[in-house]
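Data block below; observations after.
The values are calculated or read from the model by the stated rules, or taken from the named source; none is laboratory data. Being a predicted model, the structure only gives us computed values, none of them experimental. All Cβ positions, even for glycine, are placed from backbone atoms using ideal geometry, and neighbour counts span all protein chains on display. Side chains included, ligands, DNA and RNA excluded: accessible areas come from the protein's heavy atoms. Shrake-Rupley method; radii C 1.70, N 1.55, O 1.52, S 1.80 Å.
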Amino acid sequence: MVKQQLEVLKALDVAKTQLYHFTAIVIAGMGFFTDAYDLFCISLVTKLLGRIYYTVEGAPKPGTLPPNVAAAVNGVALVGTLTGQLFFGWLGDRMGRKRVYGLTLLIMVTCSVASGLSLGHQPKAVMATLCFFRFWLGFGIGGDYPLSATIMSEYANKKTRGAFIAAVFAMQGTGILAGGIVAIVVSSIFDKQFPAPAYAVDAKASLPPQADYIWRIIVIFGAVPAALTYYWRMKMPETARYTALVEKNAERAAADMSKVLNKEIRVETEMVERLTTEPSNSFGLFSMQFLKRHGLHLLGTTSTWFLLDIAFYSQNLFQKDIFSAIGWIPPSQTMSASEEVFKIARAQTLIALCSTVPGYWFTVAFIDIIGRWAIQMMGFFFMTVFMFAIAFPYKHWSKKENRIGFVIMYALTFFFANFGPNSTTFIVPAEIFPARLRSTCHGISAAAGKAGAIIGAFGFLYAAQNQDPKKTDHGYPAGIGVKNSLIVLGVINFIGMLFTFLVPEPNGKSLEELSGENDGDVEEETKIPQNGNNRSVPV
């Protein structure tokens, strides 16, 4: 007696790493590159938007976005992403991964361009259209999360599946890095072509009219990599696990994977019928069977992603504020508009280059060696340690002579976020749930993460304000300060460690073993008749 598994799925599980794996990584990864670029590039230009649309003539400092506008600009894409994760996650299990995959990309390309072309010159008109299109941009980005993860997990072999999914997610780091580089290049070109004095020297001249193009070009550029991969995304065949276990089309699953793997695969119509009609393979999301088998798993994936994203998005979206607080970015009145964009982008690019990107690729290198659970636990632990190490002696780090040390400590929290839970919370939900619910459950887990991101983005915006009302940004109430905000984020990371105990270890197991889809016992495969319903498909 052996566990049931279709030959086509077994062939995928044991397939040697080959060209189609790398093709899938590039196609899915470029979507994630775009996701990260589009989500995080806004933090590079929010200061510029404040200067352009909210500077008051004669004020001692350049304008900043009012609290409600800043919250909307930073948060609306996250709200759209949360919505898209739930909707497209569900749709990916209903219509198929491939069919929905192209739609998300089209939404991203269209809305990236539309965001940069936000209409009007009046602040309300520009901000309203920017927020409108960034919501729908986020909606498309949201769909990419469950679909990219699910497609990559269902294509990969079980030996290197973690590394393949991690490689797709690692493109997020490259997207963040690219956003900084594009901002550096664009702001440098404009600074050279349209030189301007610092705001304190000549307020009006510090903001040449051409500066309005800087943020638009940076935002629009996000459409380029997504558009380049649309054709290849449409050429990918549907995953065999969806075709066989959800659509119940054994012949097409075998035919598609015969071409992909370049080998002959038997069509197992009877076995597909038997597997997909068993009670253990037909329960729904809102059933007692799901609750018993996967309820704690879903709680583990949603809670850890939720807690991680509170800390991760707080750090990422508001790096510029933290660097300003320690004096790493000079006061805005000492710079021109283009110079400020350049210095914010340079700081964020340095952090991405030295800690964010290496963290992702450390995960790729080690995830199939030490496992998902160990990496997630280690990441949360060190994020907690470094956050507290920054927060408690905050006065020490804020002194000019200690600022480089602060940046190194801050960078290490990013490194262990990415060589840790930021990667594993994306990977695990794509592995442990049944094929018919995999995209939906990943979407729910990812949406929980974005709920945390929204709390981080909105909450930290207010919480990090100075405790002295006279020292807050214009229009903001007094907060708890950067130090206390970092302490809160450290506590959140510690709680993430505790919830990690609910997350199983998928390392080295097939997706069907993990989800329980091959739990039924059948006779040895040699006894399966080679009749008309179990024939081979030629390559």
Point to revise | Selection count, the range 390-403, where residues are in contact with a helix residue (DSSP H, G or I) (Cβ under 7 Å, 6 or more places away or on another chain) and within 17 Å of ILE351 (Cβ to Cβ) | key: 2
**Study point:** Hey, THR302 open to solvent by 10 Å² or more (accessible area, probe 1.4 Å) and at pLDDT 90 or above or not
**Key:** yes
Review point. Just to be sure, is ASP212 over 29 Å from the mean Cα position of the chain (by Cα), at pLDDT 85 or above, part of a helix (DSSP H, G or I) and among the acidic types (Asp, Glu)?
Key: no
Practice item. Would you mind listing the helices (runs of 4 or more DSSP H) fully within the range 1-69 where at least 1 residues are open to solvent by less than 20 Å² (accessible area, probe 1.4 Å) and either without any contact (Cβ under 8 Å) to a residue 24 or more places away in the chain or out of contact with any helix residue (DSSP H, G or I) (no Cβ under 7 Å at 6 or more places or on another chain) (or both)? Key: 7-14, 42-54
Review point. TRP361: closer than 17 Å to MET152 by Cβ and open to solvent by 30 Å² or more (accessible area, probe 1.4 Å), yes or no?
Key: yes
Practice item. Go through the residues of the range 232-243 one by one and say whether even a single one is closer than 30 Å to ALA11 by Cα, touching a helix residue (DSSP H, G or I) at 6+ places or on another chain (Cβ under 8 Å), aliphatic (A, V, I, L, M) and open to solvent by 30 Å² or more (accessible area, probe 1.4 Å). Key: yes
Review point. Condition test on GLY80, is it surrounded by fewer than 18 Cβ atoms within 10 Å (Cβ to Cβ) and either out of contact with any Ser or Thr (no Cβ under 9 Å at 6 or more places or on another chain) or among the acidic types (Asp, Glu) (or both)?
Key: no
Check your understanding: Of all residues in the range 212-231 being surrounded by 22 or more Cβ atoms within 10 Å (Cβ to Cβ) and of a type in the set (A, V, I, L, M), which is nearest to ILE52 (Cα to Cα)?
Key -> ILE214
Point to revise | Pairs, first at positive phi in the range 219-234, second assigned to a helix (DSSP H, G or I) and open to solvent by 10 Å² or more (accessible area, probe 1.4 Å), C-beta under 7 Å, six or more apart | key: none
Review point. Within the range 246-269, can one find any residue that is buried (at least 18 other Cβ atoms within 10 Å of the Cβ), among the hydroxyl-bearing types (Ser, Thr, Tyr), closer than 26 Å to GLU431 by Cβ and in contact with a Pro (Cβ under 8 Å, 6 or more places away or on another chain)?
Key: yes
Review point. Do we have ALA446 as farther than 18 Å from VAL79 by Cα, part of a helix (DSSP H, G or I) and of a type in the set (Gly, Ala, Ser) here?
Key: no
Practice item. Pick out the one residue from PHE426, PHE416, PHE460, PHE433 that is in a loop (DSSP other than H, G, I, E, B), surrounded by 24 or more Cβ atoms within 10 Å (Cβ to Cβ) and either modelled with pLDDT of 95 or more or not small (Gly, Ala, Ser) (or both). Key: PHE433
**Study point:** Considering residues of the range 305-327 that are open to solvent by 10 Å² or more (accessible area, probe 1.4 Å) and at pLDDT 90 or above only, the residue nearest to PHE40 (Cα to Cα)
**Key:** ILE310
Check your understanding: Does any residue of the range 368-379 turn out to be out of contact with any Lys or Arg (no Cβ under 6 Å at 6 or more places or on another chain), on the phi > 0 side of the Ramachandran plot and open to solvent by less than 30 Å² (accessible area, probe 1.4 Å)?
Key -> yes
Exercise for review: Give me a count of the residues in the range 155-197 that are open to solvent by less than 20 Å² (accessible area, probe 1.4 Å) and farther than 26 Å from CYS354 by Cβ.
Suggested key: 4
